[in-house]
Amino acid sequence: MAEQFMRLPHGGRVDRDNPRRFRFDGDEFQGLAGDTLASALLANGVHLTGRSFKLHRPRGIVSAGVEEPNALLTLRSHSRTEPNIPATMAELCDGLQAKSQNRWPRLAFDALAINDLASRFLPAGFYYKTFMGPTRGAWMYYEPWIRRAAGLGKPTHTADPDRYEREHAFCDVLVVGCGAAGLAAALAAARAGRRVFVLEQHAVAGGQLLSEPADSNAEQWRRACLDELTAQPNVTLLLRTTAFGLYDGGVVGAVERVSDHLPVPPADTPRQRTWNLHAERIVLATGATERPLLFGNNDRPGIMLAEAARRYLNHFAVLPGRRIVVQTNNDSAYAAAAELAAAGANVHVADTRANLDDTVIQPAAAAGATIAPASRIDSAQGYLRVEGVTLHGPDGRHKRRCDLVCVAGGWSPNVHLAAQRGERPTYRCDLGAFVPAGLPDDIATAGAVAGTLATADAVAEGWRVGGEAAGTDAGEAIAAPTTAAAPGYLAANNTDVGEPRPQQGKVFVDWQNDVSVKDVELAWREGYRSVEHLKRYTTLGMGTDQGRTSNINALKLMASLRGQDIPTTGTTTFRPPFTPVALGALAGRRAGPHFRAQRCTPMYDLHCERDAAFVTAGAWLRPWYYRTHGHDVDTASIHEMRAVRENVGMVDASTLGKIDVQGPDAAAFLDRVYVNGWRKLPVGRCRYGAMLRDDGFVLDDGTTSRLGENHYFMTTTTGEAAVVMSWLEYLLETAWPELRVHVTSVTDQWAAIAVAGPNSKRVLEAALSGVDLDDGELPPMGVRDDVCGDGLPVRLLRVSFSGERAYEVYTPAGYGDALWRRIEAAGADFGITAYGLEALGGLRIEKGHPIASEIDGRTTLEDIGLGAMDRGHKRFVGDVLRHRPALAAADRRRLVGLKPIDPRQPLRAGGLVFPNSARVEGHGIGHITSVTWSVELQTHVALALVEGGREREGDIVDAVSPVHDERLQVEIVSPVFIDPEGSRLHA
Amino acid sequence: MPDIRSPLAQHYPLGRHGAAGGEPTVQLREVVGWDIVQAACWRGQEEALEAALSDTLGLPPPAPGYFTANDATEIIAAAPQRYWCIAPAGDARLAQLDGAITDATGCLTQLGHSHIRIRLQGPGVRRLLAREIAADLAADAFPVNRAARTMFHQVPVMLQCRTADPGTFDLYLPHTYAAGTWRYLLDLAAPFGYEVLEGLGYTEAG
């Protein structure tokens, strides 16, 4: 086990009493509780953590936060494997396994590093240029090889064993970010008594204050603020929680990494939780990110942001290098330089500015750092770790040995969340940075994100904004801590991004995507002038870090190439998520059996007892067939269909949509929504009806019964029940508010069983004691509410979907189970057979009844053979637009039946219809909508929509399934295959 | 009259579960033996409906978003111009609504079998419900006698707050969604530790 030889003997906020063992690429190391994986690796002197995306260049740890572009590792193993996790955000836990990515055979020797040598042939967009030929489909051949050679980590293919959750929370004030400004804002709101939520993405709250020494005044201030906040019952502080999206209505999406810092989540504890936070007011105190600088080989391991080096030093007690060069173009790097020097490192500061403020540089100089004004790094040396730099200053060029380069290119406010609301940030020339703009009244910013980098100013601003969010004047601000860091925004005229054209080495702008200065210039030469085009052509700013360290430098380069200023060049669009979010966290517990709400009829348990095979139909679980009737769906459904045709069957019809329609104007209402008329329907009778959308296409069909003078009971198809219900409510609320009608969904109130077949009446007479089923009492299309002798209430409809004598029997849902058992028991003497959805569908196809396969939103009344329902006596929804010329065209596809010439040849739903022997090209003259084996006719049959419709009866055409390479001859026939006279209804 | 069968009948794991053996912070049970009649009125007939409800049920109709209750009867403002009138199954007062609300005023719809009623109680109940319900359920934002039509796992539900501390809520699940939603609710409750209790008769539920 390696020692933590770069760990300082004192300082930091790590727990020295709690060592943590971990493995990186198989080697065992030790860190401390409170470490991140990055700090633990650095404590052990490991800078090399991965290979770059395209060129396989060695890369190291750049940052100490979410902006990390390089140190992406695959954590854990087996089903808990998770790739692309920034080592800077992964908290160290005992036994943690980490692997580097995108290298073979090992990190220190990667065979595909040859890409770097061939990089002149691999510029931005090379694959779109080089791999397009020689044939049109050649890319399909190259793509897998290119993807294999490039990329990030690989996910596991096994199921994630961990638990994820979602939760809603509401608050008066939400503070995003827990640095100096965020703490002040939260305190101001909390003291005003408001419900406050505070989000901090790290395990420890404090933001940039954590870069201050652990024995500093800033630390005391931080702890005091947190002590007060956590003691308040009205404050919820969520650590390890990243706000990833800011949405309308004061909603913020955030992910809490509940147990990512543990080896394995405890039982019943989620790994991550997604919060939907609903806030009256939001304070964004999201801070700022330091920018790197450009020079040759600026991507070598051991080159990191100056603020990150300071964080590792003061928070983790890790000295990331012993011989350090600090390259800066602003004041903020001098705190790092001073503290690193004070910790014993040899520090040399190369400042691009010629004139330096003595008060800023003095602490560093006093600590022993050497400072060179007007000096910049031309290029870095070393391969697996930086070994030196070539400095270019007033005295010319000279080399300097080092094992760490700290870069400080100024600060970019983290405007991402604020900009997600659609307003692009504004460039403030006085800061050399973009800041949020155009925020709505319920969102405010404080601290570095707003351009206020100095700690005292940030605290004052946070206090003021927090008070305003709480609706009070918070008064005089709390005292601010003293910090060593100087403000790091750039002066207005400082557009220096470093040395884009060094004497040696590639200059990278975007480390994660291997985008160099030359790639940006190439994009510009090839005409990609917009930053949005630049992003898409080069992939700059994409990936897990979303270009947090690269975007501004790239903008400056593009602005320079275009001869424009930065505001004119603009920024790309900011979209959620701010950081990658695991799909599991978004799903929460809505996975597996709970993926979506499941709907079961009141007889569901009973069907399970009877070994039903189920099929999903929307949210419903419906019996498909019963395994007791056959070993597969075909065998069982044929058995079930035959039972209905020859004897009697029963099917669970509870999924039908059911709508209670009541009111003095109910008949007039139905007249308007249905094609056919309802005013003359007598009480105790039902009628088949069809309704259109207002564009003239068929919306749905079903039966509606008149239970009383002003009371109707409507049934809809299973699939359209919710649509029809919403449509009726919409019409009553908006189109005809004057109608005295109420519609109420009663789908859940009623269980329904259809009993069909020649013996259906006998079975029901035996089952429903005391209920008169005589044809005089309940004729075809009759309806009656009744009560059995033992008090079981039933509603009977004499309607048929199969063409046989049939009844729909309804009872309140809680009695559905009892009703089924009763009919089943009474039917046992007749050999009653339960049937499922497959048989139900086959029976209706034989009878030519259209369902959703035919009423598919594109068919008219005439298309499905229901044109005669419109007698022209009244107006109804859709009656105007249904007469558009195109909807009456002679070549519209209309409902027909198909029978194969060879009766044993099965037809395929979705197959195309072509003229006999015609070339199979295009969409043909029709398509098959429904297929079944007809037990009655002993042949396969189908319903189809074919141009010309029934005028083609007798024609021989071809049914084609290109997918299956099948073609067979079929005859166009009537869609009503059996009993066209309807005599069986009275059998 | 046959017994009413609950869709939860075969999915009702009595006893303590979840939270790795810790003390349960949520108790769940089905409330049975009640009936709902929806009373609705036409536009302009609101006062007539409210008077009829008040006279028949002996309860003032609630303001929107609330319910009123006495020992055996409740009225929930279910939607504009609609109230759910709840009473013990077979209670004569629900039947009397038929005569009290005429065609000129509005209409009645039987909904007693359309929902399953779950009672949730305990210190963890608000956070449990917040796992799915996008409504502010804090004691001062959703006080006792508050009711809301909302969504739970894509399912339309009615929620009532009955006591503040510890929180007691009644959740009405549509009959056909009840079994799946109940199982999902138990799954959500695991981190809190939960106890499934025997079903509770409506009049005992209070």
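The values are calculated or read from the model by the stated rules, or taken from the named source; none is laboratory data. For clarity, every value in this text was computed on a predicted model and none was experimentally measured. Note: ideal-geometry Cβ built from the backbone for every residue, glycine included; neighbour counts use all protein chains shown.
Limited to the range B:27-48, what total is found for residues that are touching a residue at least 40 places away in the same chain (Cβ under 8 Å) and in contact with a Lys or Arg (Cβ under 9 Å, 6 or more places away or on another chain)? If you could, list the steps in order and put the result at the bottom.
At the first step, the residues of the range B:27-48 found to be touching a residue at least 40 places away in the same chain (Cβ under 8 Å) are B:27-42, B:45, B:48.
Filter again for in contact with a Lys or Arg (Cβ under 9 Å, 6 or more places away or on another chain), leaving B:27-32, B:34, B:38-42, B:45.
Of the residues in the range B:27-48, 13 are touching a residue at least 40 places away in the same chain (Cβ under 8 Å) and in contact with a Lys or Arg (Cβ under 9 Å, 6 or more places away or on another chain).
Those residues that are hydrophobic (A, V, I, L, M, F, W, C) and assigned to a loop (DSSP other than H, G, I, E, B), I need them from the range A:459-474; list them, please. Before you say what the answer is, go through the steps one by one.
Of the range A:459-474, the ones hydrophobic (A, V, I, L, M, F, W, C) are A:459-460, A:463, A:465, A:469-470, A:474.
Within the range A:459-474, A:Ala474 is the sole residue that qualifies.
Only one of A:Met725, A:Met691 is more than 14 Å from chain B (Cβ to nearest Cβ) and under 47 Å from the mean Cα position of the chain (by Cα). Can you tell me which? Before you say what the answer is, go through the steps one by one.
Working: A:Met725 fails: more than 14 Å from chain B (Cβ to nearest Cβ).
On inspection, the qualifying residue turns out to be A:Met691.
Pairs under 7 Å by beta carbon, first residue free of Cβ contacts under 8 Å to residues at least 24 places away in the same chain in the range A:912-927, partner surrounded by 10 or more Cβ atoms within 10 Å (Cβ to Cβ), six or more apart or different chains?
From residues that are free of Cβ contacts under 8 Å to residues at least 24 places away in the same chain, the pairs are A:His923/A:Leu912.
Can you tell which of A:Arg904, A:Arg875, A:Arg892 is loosely packed, with under 14 Cβ neighbours inside 10 Å and over 20 Å from A:Ser961 (Cβ atoms)? I'd like the intermediate steps shown before the answer.
Details: A:Arg904 fails: over 20 Å from A:Ser961 (Cβ atoms); A:Arg892 fails: loosely packed, with under 14 Cβ neighbours inside 10 Å.
Sole residue among the options that is loosely packed, with under 14 Cβ neighbours inside 10 Å and over 20 Å from A:Ser961 (Cβ atoms): A:Arg875.
Looking at the range A:312-329, can you tell me whether even one residue there is assigned to a helix (DSSP H, G or I) and charged (D, E, K, R)?
Residues of the range A:312-329 assigned to a helix (DSSP H, G or I): A:312-314.
Subset that is charged (D, E, K, R): none.
No: the range A:312-329 contains no residue that is assigned to a helix (DSSP H, G or I) and charged (D, E, K, R).
Scan the range B:158-202 for residues that are part of a strand (DSSP E or B) and at the interface with chain A (Cβ under 7 Å from one of its Cβ atoms) and jot them down. Steps first, answer last, please.
Taking the range B:158-202 first, the residues part of a strand (DSSP E or B) are B:158-163, B:168-174, B:194-196, B:200-201.
B:Pro174, the sole residue that qualifies.
Looking at (1) at pLDDT 95 or above; (2) in contact with a strand residue (DSSP E or B) (Cβ under 7 Å, 6 or more places away or on another chain); (3) small (Gly, Ala, Ser), which is the only condition A:Gly467 fails?
Checking A:Gly467 against (1) at pLDDT 95 or above; (2) in contact with a strand residue (DSSP E or B) (Cβ under 7 Å, 6 or more places away or on another chain); (3) small (Gly, Ala, Ser), the one that fails is (2).
So how many residues does the range B:92-111 have that are buried (at least 19 other Cβ atoms within 10 Å of the Cβ), out of contact with any helix residue (DSSP H, G or I) (no Cβ under 7 Å at 6 or more places or on another chain) and either within 8 Å of chain A (Cβ to nearest Cβ) or in a loop (DSSP other than H, G, I, E, B) (or both)?
The qualifying residues number 3.
Would you confirm, using the coordinates I've provided, whether A:Pro123 is modelled with pLDDT under 95, over 19 Å from A:Asp514 (Cβ atoms) and either assigned by TED's automatic domain parsing to the domain that holds A:Val46 or buried (at least 20 other Cβ atoms within 10 Å of the Cβ) (or both)? Please lay out each step first, then the result.
On the way: modelled with pLDDT under 95: yes; over 19 Å from A:Asp514 (Cβ atoms): no; either assigned by TED's automatic domain parsing to the domain that holds A:Val46 or buried (at least 20 other Cβ atoms within 10 Å of the Cβ) (or both): yes.
Taking the combined requirement at face value, the residue does not satisfy it.
Conditions (1) more than 12 Å from chain A (Cβ to nearest Cβ); (2) at pLDDT 95 or above; (3) assigned to a loop (DSSP other than H, G, I, E, B), marked per residue:
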residue	(1), (2), (3)
B:Arg5	no, yes, yes
B:Arg29	yes, yes, no
B:Ala39	no, yes, no
B:Glu47	yes, yes, no
B:Ala52	yes, yes, no
B:Asp55	yes, yes, no
B:Ala72	yes, no, yes
B:Cys85	yes, yes, no
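Test B:Ala63 against the stated conditions and say whether it is more than 20 Å from B:Gly33 (Cβ to Cβ) and either surrounded by 14 or more Cβ atoms within 10 Å (Cβ to Cβ) or without any contact (Cβ under 8 Å) to a residue 12 or more places away in the chain (or both). Let's see the steps before the verdict.
Numbers: more than 20 Å from B:Gly33 (Cβ to Cβ): yes; either surrounded by 14 or more Cβ atoms within 10 Å (Cβ to Cβ) or without any contact (Cβ under 8 Å) to a residue 12 or more places away in the chain (or both): no.
No, not satisfied.
Take the residues in the range A:167-190 that are surrounded by fewer than 23 Cβ atoms within 10 Å (Cβ to Cβ) and touching a helix residue (DSSP H, G or I) at 6+ places or on another chain (Cβ under 8 Å), then tell me which one is farthest from the other protein chains (Cβ to nearest Cβ). Even if it seems obvious, please write down each step before you answer.
Initial filter on the range A:167-190 (surrounded by fewer than 23 Cβ atoms within 10 Å (Cβ to Cβ)): A:167-170, A:172.
Going one step further and asking which of them are touching a helix residue (DSSP H, G or I) at 6+ places or on another chain (Cβ under 8 Å), we end up with A:167-169, A:172.
Values: A:Glu167: 5, A:His168: 5, A:Ala169: 7, A:Asp172: 10 Å.
Once the filter is applied, the top-ranked residue is A:Asp172.
Has the range A:658-671 got any residue that is under 29 Å from A:Arg984 (Cα atoms), assigned to a strand (DSSP E or B) and either more than 14 Å from chain B (Cβ to nearest Cβ) or small (Gly, Ala, Ser) (or both)?
No - not one qualifying residue is present in the range A:658-671.
What pairs come out if I take residues in the range A:768-787 that are part of a loop (DSSP other than H, G, I, E, B) and surrounded by 14 or more Cβ atoms within 10 Å (Cβ to Cβ) and pair them with residues that are modelled with pLDDT under 95 and of a type outside the set (Phe, Trp, Tyr) whose C-beta lies under 7 Å away, six or more apart or interchain?
Sorted first by the residue in the range A:768-787, then by its partner, the pairs are A:Pro780/A:Leu985; A:Pro780/A:His986.
How about the range A:917-941: which of its residues are among the polar types (S, T, N, Q) and within 21 Å of A:Gly757 (Cβ to Cβ)?
A:Thr932, A:Ser934, A:Gln938
So which residues in the range A:698-717 are closer than 27 Å to A:Asp786 by Cβ, surrounded by 21 or more Cβ atoms within 10 Å (Cβ to Cβ) and under 34 Å from the mean Cα position of the chain (by Cα)? Give the derivation first.
Quick first cut of the range A:698-717, residues closer than 27 Å to A:Asp786 by Cβ only: A:701-717.
Now drop any that are not surrounded by 21 or more Cβ atoms within 10 Å (Cβ to Cβ), which leaves A:701-702, A:704-706, A:712-716.
Correct list: A:Thr716 only.
Within the range B:113-145, track down each residue that is in contact (Cβ under 8 Å) with a residue 60 or more places away in the chain, out of contact with any Leu (no Cβ under 7 Å at 6 or more places or on another chain) and either surrounded by 22 or more Cβ atoms within 10 Å (Cβ to Cβ) or more than 22 Å from B:Pro7 (Cβ to Cβ) (or both). First the steps, then the outcome.
Looking only at the range B:113-145, we keep the residues that are in contact (Cβ under 8 Å) with a residue 60 or more places away in the chain, and these are B:113-125, B:127-128, B:145.
Remaining after also requiring out of contact with any Leu (no Cβ under 7 Å at 6 or more places or on another chain): B:113-114, B:117, B:121-125, B:127, B:145.
Scanning the range B:113-145 gives B:His113, B:Ser114, B:Arg117, B:Gly122, B:Pro123, B:Gly124, B:Val125, B:Arg127, B:Asn145.
Mind checking which residues of the range A:852-899 are under 13 Å from A:Ala944 (Cβ atoms) and touching a Ser or Thr at 6+ places or on another chain (Cβ under 7 Å)?
Selection gives A:Ser853, A:Glu854, A:Gly897, A:Lys899.
Of all the residues that make up the range A:598-619, how many are within 16 Å of A:Ala721 (Cα to Cα) and either assigned by TED's automatic domain parsing to the domain that holds A:Tyr810 or aliphatic (A, V, I, L, M) (or both)?
Total meeting the criteria: 2.
Look at A:Leu277 and say whether it is within 23 Å of A:Arg590 (Cβ to Cβ), touching a residue at least 12 places away in the same chain (Cβ under 8 Å) and within 13 Å of another protein chain (Cβ to nearest Cβ).
Details: within 23 Å of A:Arg590 (Cβ to Cβ): yes; touching a residue at least 12 places away in the same chain (Cβ under 8 Å): yes; within 13 Å of another protein chain (Cβ to nearest Cβ): yes.
In short, yes.
Of the residues that make up the range A:967-981, is at least one more than 30 Å from A:Tyr807 (Cβ to Cβ) and either in contact with a Cys (Cβ under 8 Å, 6 or more places away or on another chain) or without any contact (Cβ under 8 Å) to a residue 24 or more places away in the chain (or both)? Don't jump to the end; show me each part of the working.
Start the filter on the range A:967-981 by keeping residues that are more than 30 Å from A:Tyr807 (Cβ to Cβ), which leaves A:967-972.
Among the residues that remain, those that are also either in contact with a Cys (Cβ under 8 Å, 6 or more places away or on another chain) or without any contact (Cβ under 8 Å) to a residue 24 or more places away in the chain (or both) are: none.
No.
Can you work out which of the residues in the range A:238-274 that are touching a Leu at 6+ places or on another chain (Cβ under 9 Å), crowded, with 19+ Cβ neighbours inside 10 Å and of a type in the set (A, V, I, L, M, F, W, C) is farthest from A:Ala469 (Cα to Cα)?
Here the answer is A:Val255.
Please count how many residues of the range B:122-155 are part of a strand (DSSP E or B), over 30 Å from B:Ser54 (Cβ atoms) and more than 12 Å from every other protein chain (Cβ to nearest Cβ). Break it down into steps so the answer makes sense when it comes.
First, pick out the residues of the range B:122-155 that are part of a strand (DSSP E or B): B:146-152, B:155.
So of that shortlist, the ones also over 30 Å from B:Ser54 (Cβ atoms) come out as B:151-152, B:155.
With the extra rule that they be more than 12 Å from every other protein chain (Cβ to nearest Cβ), the set shrinks to none.
So the answer is 0.
Give the range A:566-616 a look and list any residue that's free of Cβ contacts under 8 Å to residues at least 60 places away in the same chain, farther than 30 Å from A:Thr549 by Cα, touching a Leu at 6+ places or on another chain (Cβ under 8 Å) and not in a loop (DSSP other than H, G, I, E, B), or say none.
Within the range A:566-616, A:Arg599, A:Cys600, A:Tyr604, A:Phe614 meet the criteria.
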